[in-house]
Amino acid sequence: MLLALAAAQPFVGFGVANRDELSQPGRMVVYALIVFGVLEGVLWLVTRWGSSLNGRTVALLETWFAVSFFNYAAWLPPSIDDDRRWIPVAVWTLVTALVAWLLARVGSRPALRVGAAVWLAVSVGADLLVVATPSLPVAAPATHDAALPPPVPSEGPPPNIYYFVLDEYARADQLEIHAGFDNGAFVTRLEELGLTVSDAAWASYPRTQVSVPSTLDMAYLAEPGAADGPDAQFAPRVAGDNAVVRRLREHGYSFVYSSGAADQWSSCQTPLADRCLEPTGVAAGDLERALLKQTPLSVFDLVRPPYSDPETVLAELRTEPVREPYFLFAHVMSPHFPYRFDASCAVRDRFIVAELLSFDERKAAYVNDVRCLNDRVERALEQIVADDPGAVVIVQSDHGSALFANWDRSPGAWSEAAIADRFAVLQAIRLPAHCPAAGDVDLVNTFRVVFSCIEDQPVDLLPHRAFLWMGHDLVTLEEVDPSTFDR
């Protein structure tokens, strides 16, 4: 019983902390069973070999080690300094060994074992109640095929579409206001490459899990009084189950998807996608990486963080033919933390965790990632313009920076400056020469403009609306006063 509780405790606790973002909780059960099997195997081997310790004491020692091992990150925050990252591990090893030595001396006392079992049972039981109880009844979100006229066949071959979402990339004016970074050279280069860069584009939702699905459904997916449950409920639309992909398929498009982060909720799936482009460095999914980060093994860099940028996506795209016309959607996880580039713009072996930085350090790391990503975006766009000059190209962010985001605040407590920083987005669109320039286009209207171009129909734009909520639960969702976004 003690070993079973020790094996379950870290995974149940992890499930509580991430309950709204776990898409495959069954894998947690599998890992807990594996840990239990390992603990039972060690117990059998030690007692079989005639250890001076009795089996109950060995089980108590194993319990302590399992709890200490999986709670390492909670007890000892890691260091971002490579020269000092071993210090927390040394402290953990010393404390774990000292407590194990003490337990070996007194572990035969029944009260100690009973106390440990009761504590674990209460901890696991309380967490299981939280996991098993939904915060709200969640209905499957309705399918939103935007109220557009039926698709109109385009004259001539439809253009390929390249859609790059740069996660958390703030609009140029906000970069200058809040980070002191002049992004004018990048904006100018985009315009030289034929993209229309909006200086007044806004997101409608502040989190990726709703913002990108809203863009791909060309609609507002969550509104006050009609939204509840976790914001991650809309995330599967990112992988291809959305109005844009369905409409493009009616025009004969194939769908190519690069998830960028290897996250469960946004992972590429067939047959939704005709081809999946995986980020580099992925040796495990986000669940495995998150679990490893809780343990001392995190310092060994056993799993290289996933990485992609527009250049690497194009290189992967060209490794084998794709049926044209195609819609390429690449979700690039930069400049979203963790921060990926060093001062020379080389990709780090170990990404920098934002929570370990002061505000000024975080701001500097964010600006550095913007600067380094810009070069890669420019080179990718130069390739597209040279090789596929008639293509539609979209470079946008899903929301602004996280420098001032505080998800514990109620929507009404956000300042106008914090709202502007989070909702003001990069939006740059290149359309074929026969289509009018895009102008200032909010995210929700992105593909309404694209379909207007490729179908040669009048554009039907939605008025801008924006919404905020606390944490990940849409029950607190409120609409932001439209005057906040006056252009």
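All of the numbers you see were taken from the coordinates with simple rules; none came from a lab. All values reported here derive from a predicted model rather than from experimental measurement. Here Cβ is always computed from backbone atoms with ideal geometry, including for glycine, and neighbour counts include all displayed protein chains.
Where Lys and Arg each count +1 and Asp and Glu each count -1, what net charge lies around Arg379 among other residues with Cβ under 13 Å from its Cβ? Numbers along the way, then the final one.
On the way: positive: Arg189, Arg376; negative: Asp309, Glu311, Asp375, Glu378, Glu382, Asp387.
Spelling it out: positives minus negatives among the neighbours equals -4.
Each residue of region 445-454 in turn: what ³J(HN,Hα) in whole Hz from Karplus with 6.51, -1.76, 1.60 and θ = phi - 60°, glycine and Pro shown as x?
Computed from phi, the couplings for region 445-454 are 9, 3, 7, 5, 5, 4, 5, 4, 6, 6 Hz.
Working out 0.36 nm times the residue gap between Glu278 and Arg348, then minus their Cα-Cα distance, what length gain in nm do you get to one decimal?
Details: separation 70, 0.36 × 70 = 25.20 nm, distance 1.87 nm.
Using 0.36 nm per residue and subtracting the Cα-Cα distance, I get 23.3 nm.
Determine ³J(HN,Hα), in whole Hz, for all residues of region 342-355 in sequence, where each value follows from phi through the Karplus function 6.51 cos²θ - 1.76 cosθ + 1.60 and θ = phi - 60°; x replaces Gly and Pro.
Working through the residues one at a time gives 8, 5, 8, 6, 7, 6, 5, 6, 10, 5, 8, 7, 4, 5 Hz.
With a 10 Å Cβ neighbour count serving as the proxy for reagent exposure, in which order, fewest first, do Val353, Val449, Val367 appear? Don't jump to the answer; show the numbers that get you there.
Numbers: Val353 15, Val449 23, Val367 20.
Ordered by Cβ neighbours within 10 Å, fewest first: Val353, Val367, Val449.
Let me make sure I get this right: for region 289-435, a, b and c are the square roots of the gyration tensor eigenvalues over alpha carbons, sorted descending. Under 1.5 in a/c it's rounded, otherwise prolate if a/b > b/c, else oblate. Which is it? Provide the component values of the computation, followed by the final result.
On the way: a/c = 2.17, a/b = 1.32, b/c = 1.64.
It is oblate, given that a/c is not under 1.5 and a/b is not larger than b/c.
Give the angle, between 0 and 90 degrees and rounded to the nearest 10, that separates the Cα long axis of helix 208-217 from the longest principal axis of the Cα atoms of the chain.
30 degrees
For Met218, Met1, which order do you get if you count the other beta carbons within 10 Å of each Cβ and list the fewest first? List each step's numbers first, then the result.
Details: Met218 26, Met1 10.
If I rank by nearby Cβ atoms, fewest first, I get Met1, Met218.
So if each residue of separation counts as 0.36 nm, and I subtract the Cα-Cα distance between Glu176 and Thr188, what length gain in nm does that give?
On the way: separation 12, 0.36 × 12 = 4.32 nm, distance 1.53 nm.
Working it through step by step, the gained length comes to 2.8 nm.
If we count other beta carbons within 10 Å of each Cβ, what is the order of Lys363, Lys293, fewest first? If you can, show how the numbers build up before the last one.
Details: Lys363 17, Lys293 14.
Ascending Cβ contact count within 10 Å gives the list Lys293, Lys363.
Please list 3J(HN,Hα) in residue order for region 380-395, calculated via the Karplus relation 6.51 cos²θ - 1.76 cosθ + 1.60 where θ = phi - 60°; whole Hz, with x for glycine and proline.
Ordered by residue, 3J(HN,Hα) equals 5, 5, 4, 5, 5, 4, 6, 8, 9, x, x, 6, 8, 10, 10, 10 Hz.
Kirkwood hydrodynamic radius of region 161-482 from all distinct Cα pairs, in Å?
On the way: mean 1/r = 0.0500 Å⁻¹.
Hydrodynamic radius (Kirkwood, Cα pairs) of region 161-482 is 20.0 Å.
Any chance you could give the angle, 0 to 90 degrees and rounded to 10, that helix 86-106 forms with the longest Cα principal axis of the chain?
Helix 86-106 sits at roughly 30 degrees to that axis.
Round to the nearest 10 and give me the degree value, 0 to 90, for the angle of helix 55-70's Cα axis relative to the longest principal axis of the chain.
Computed tilt is about 30 degrees.
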